[in-house]
1. Could you tell me whether any residue of region 63-70 is within 16 Å of ligand 2 (Cβ to nearest atom), closer than 18 Å to residue 227 by Cβ and either more than 17 Å from the chain's Cα centre (by Cα) or buried (at least 20 other Cβ atoms within 10 Å of the Cβ) (or both)?
2. Provide a single number: the residues in region 39-52 that are over 20 Å from residue 113 (Cα atoms) and in contact (Cβ under 8 Å) with a residue 40 or more places away in the chain.
3. How many residues, within region 206-231, are within 21 Å of residue 117 (Cα to Cα), under 17 Å from the mean Cα position of the chain (by Cα) and in a loop (DSSP other than H, G, I, E, B)?
4. Out of everything in region 55-87 that is within 12 Å of ligand 1 (Cβ to nearest atom) and without any contact (Cβ under 8 Å) to a residue 40 or more places away in the chain, what residue ends up being farthest from residue 114 (Cα to Cα)?
5. Looking only at residues in region 142-162 that are away from ligand 1 (no atom under 16 Å from the Cβ) and in a helix (DSSP H, G or I), which one is farthest from residue 106 (Cα to Cα)?
6. Would you call residue 172 part of a helix (DSSP H, G or I) and within 30 Å of residue 43 (Cα to Cα)?
7. Return the residue satisfying two criteria in turn: it lies in region 15-39 and is touching a helix residue (DSSP H, G or I) at 6+ places or on another chain (Cβ under 9 Å) and surrounded by 13 or more Cβ atoms within 10 Å (Cβ to Cβ), and of such residues it is nearest to residue 231 (Cα to Cα).
8. Read through the list (1) within 14 Å of ligand 1 (Cβ to nearest atom); (2) at pLDDT below 95; (3) surrounded by fewer than 13 Cβ atoms within 10 Å (Cβ to Cβ), then give the number of the only condition that residue 99 fails.
Ligand SMILES: [Fe+2]
Ligand SMILES: [Fe+2]
């Protein structure tokens, strides 16, 4: 038996019924522990590419969007750390949490990438909402469709952007935002293997595998390996 995480059900009817999960226990029924047969089994020492293939899914919209963003950055001749930031910028949307996905993604990746890459991933979620005509970046048309044309970012987001704009790594976050586009087609599809070299040079893959290296964020990777486990 699996129980949806509270964060996935808050604000929905499922929240209350999810809290009644103990009442659903009966002889012969147990809560999910260990490998969920509904998910592909992960190797003992999972790599970043394993998470892309076996958890985020190469066919998912979010994964294709990240691969496409990274290819775009590469075609523009941007530095490899920026290409990597583009490749990973929405990893939390694909595998963890959507709200504040830049922050969750940066936290998940921080021990394995440069501080600048983690910072760019954290702040792209803010930079996306603000135009910068000096680099030809307009407020995304897609956001008018997503949030309505009247949407205005709240005060704390506007304040956060002031800090982002003044930061020495501003352009790294901005370059992620510039390449953060949804205009790709099936013909454009890219495989994660195209970025093996970039990952190899700029992502410190732990020998023990992501989730098992004792890092402060190992639990976050294990949560993606076993997302439905009771503990
Ligand atoms: Fe994003
Ligand atoms: Fe994105």
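The values are calculated or read from the model by the stated rules, or taken from the named source; none is laboratory data. Bear in mind that the values here come from a model prediction, so they are computed numbers and not experimental data. Neighbour counts are summed over all protein chains in view; Cβ atoms, including those assigned to glycine, are modelled from backbone coordinates with ideal geometry.
1. There is at least one residue in region 63-70 that is within 16 Å of ligand 2 (Cβ to nearest atom), closer than 18 Å to residue 227 by Cβ and either more than 17 Å from the chain's Cα centre (by Cα) or buried (at least 20 other Cβ atoms within 10 Å of the Cβ) (or both).
2. Going residue by residue through region 39-52, those that are over 20 Å from residue 113 (Cα atoms) are 39-44.
Subset that is in contact (Cβ under 8 Å) with a residue 40 or more places away in the chain: 39, 42-44.
Residues flagged as over 20 Å from residue 113 (Cα atoms) and in contact (Cβ under 8 Å) with a residue 40 or more places away in the chain within region 39-52 amount to 4.
3. Of the residues in that region, 3 qualify.
4. That would be 62.
5. 144
6. no
7. 31
8. Unmet for residue 99, out of (1) within 14 Å of ligand 1 (Cβ to nearest atom); (2) at pLDDT below 95; (3) surrounded by fewer than 13 Cβ atoms within 10 Å (Cβ to Cβ): (2).
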